[in-house]
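Here's the structure, in structure tokens; my notes come after.
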Amino acid sequence: MASLSATVGKLRLANPTILAAGILGMTAEQMLEALKGGAAAVVTKSIGLKAAEGHPNPTMVETECGYLNCMGLPNPGIDDFKPEVEGVAKHDGIVIGSVYAKDAKGFAALARKMESYGASAVELNLSCPHAAGLGAEMGSSLTRVRNITRAVKKAVDIPVFPKLTPNVQKIAGLALAAEKGRADGIVAINTLKAMAILPEARTPILSNAYGGYSGPGIKPVGVRCVYEIAGEVDIPIIGVGGICSGRDAIEYIMAGASAVQIGSAVAAHGPGVFAKVCAEMGEFMTANGYKRLSDMVGAARGGR
């Protein structure tokens with residue numbers, strides 16, 4: 001039988017699927033539901049130092065090939081989020097704490113809290129496209145990516161995974177900056193900056209005008225980004241964006257990812273999508289002679 005176990009830095013995963021940030025990541029109950037559905041690990045909602053309400057409605061619109069959202073990073077703040085992380089960790093669930101801040105000091109403080117709550121790793125949100133002064137606005141700078149990553153690495157002992165924005169000319173440059181900051185791995189990608197307009201009203205649909213585009217439509221972009229990053233860095237990559245099936249996940253793996261995150265497909269199909277993706281990956285591996293997941297990592301790169 002083919003082995004689906006995956007390794008991302010110090011993280012040992014039973015399979016390569018992880019719940020992406022922003023979907024079922026607000027409460028312990030939601031994250032445990034994802035684990036029961038087959039996910040090997042879960043990423044929390046992005047959490048800041050203080051509570052935030054996010055943008056007013058409308059903040060979500062479904063498109064032909066995915067979703068647009070401008071949630072604006074709503075969250076209860078790090079102090080009130082302690083029970084949620086602990087609620088998963090006490091059941092031996094692997095929790096990756098997603099955090100965002102305005103500067104390196106804030107990221108480091110949040111990461112320390114996540115580690116003290118029982119998080120197994122921390123994901124740095126350097127890529128949200130719809131929060132002014134945060135996310136991608138910070139994460140588009142090579143210097144900031146390197147310095148923030150370095151500051152968090154000095155603050156915690158758990159693995160540190162910067163999540164990068166695709167809304168730049170060369171995402172591999174950001175990955176190199178994160179590697180120089182001693183990142184344990186890269187998460188790629190976050191949503192694409194996009195918008196939708198209601199012609200009858202002659203106005204953008206989202207309250208913030210711009211939002212983040214996710215779902216099946218962005219998979220080719222995500223696969224390309226992982227492929228480019230894999231050619232530049234020597235640290236593991238977690239691929240994200242539009243994964244709905246085992247074949248989708250395998251595209252990311254063959255591009256160079258060691259594991260994948262699934263988000264929009266959970267919203268569309270429920271937490272059972274993790275088990276479905278894993279089953280389909282196992283069937284493909286058996287049919288094509290792969291005994292271990294690691295045998296497929298970067299397989300599409302050949303000698304490039």
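Just so you know, all these numbers are worked out from the coordinates, no wet-lab data involved. Just so you know, these numbers come straight off a predicted model, no measurement behind them. When we count neighbours, we look across all protein chains shown, and the Cβ atoms used for this are built from the backbone with ideal geometry, even at glycine.
A simple rule links phi to the HN-Hα coupling: the Karplus curve 6.51 cos²θ - 1.76 cosθ + 1.60 with θ = phi - 60°, which for region 104-113 gives 4, 4, x, 4, 5, 5, 5, 5, 4, 5 Hz, with x for Gly and Pro. For the pair region 137-177 / region 69-95, the C-alpha centres are spaced 22 Å from each other.
Applying the Karplus relation 6.51 cos²θ - 1.76 cosθ + 1.60 with θ = phi - 60° to region 256-267 yields 3J(HN,Hα) values of x, 7, 9, 7, 9, 10, 10, x, 4, 5, 5, 5 Hz, where x marks Gly and Pro. Between Lys50 and Lys105, the simple label model (points 7 Å from Cα in the Cβ direction) yields a spacing of 1.5 nm. In this calculation the C-beta distance from Ser294 to Glu29 is compared with R0 = 45 Å, giving a FRET efficiency of 0.85. Each residue, Glu232 and Ser141, gets one label point 7 Å from its Cα in the Cβ direction; the gap between the two is 1.8 nm.
Is the shape of region 1-130 best called rounded, prolate or oblate, per the rule: a/c under 1.5 gives rounded, else a/b larger than b/c gives prolate, else oblate, with a ≥ b ≥ c the square roots of the Cα gyration tensor eigenvalues? Oblate.
Evaluate E = 1/(1 + (r/R0)^6) for Tyr210 and Arg247, where r is the Cβ-Cβ distance and R0 equals 35 Å; express this FRET efficiency to the nearest 0.05.
Given R0 = 35 Å and the Cβ-Cβ separation, E is 0.65.
Taking a ≥ b ≥ c as the square roots of the eigenvalues of the alpha carbon gyration tensor, region 1-49 is oblate, as a/c is not under 1.5 and a/b does not beat b/c.
For the pair Ala196 and Thr286 in one chain, pulling the backbone fully straight at 0.36 nm per residue adds 28.2 nm over the alpha carbon distance. Backbone amide hydrogens, once placed in the peptide plane, bring Gly215 within less than 5 Å of Tyr67, Gly242, Ser264, excluding anything fewer than 5 places away on its chain.
Each residue of region 46-56 is assigned a 3J(HN,Hα), and the resulting list reads 5, 10, x, 5, 10, 4, 9, 8, x, 7, x Hz, derived from the Karplus form 6.51 cos²θ - 1.76 cosθ + 1.60 (θ = phi - 60°), x at Gly and Pro. Considering every alpha-carbon pair of the chain, the percent of pairs per 10 Å bin, from zero through the bin containing the longest distance, is 7, 30, 38, 20, 4, 0.
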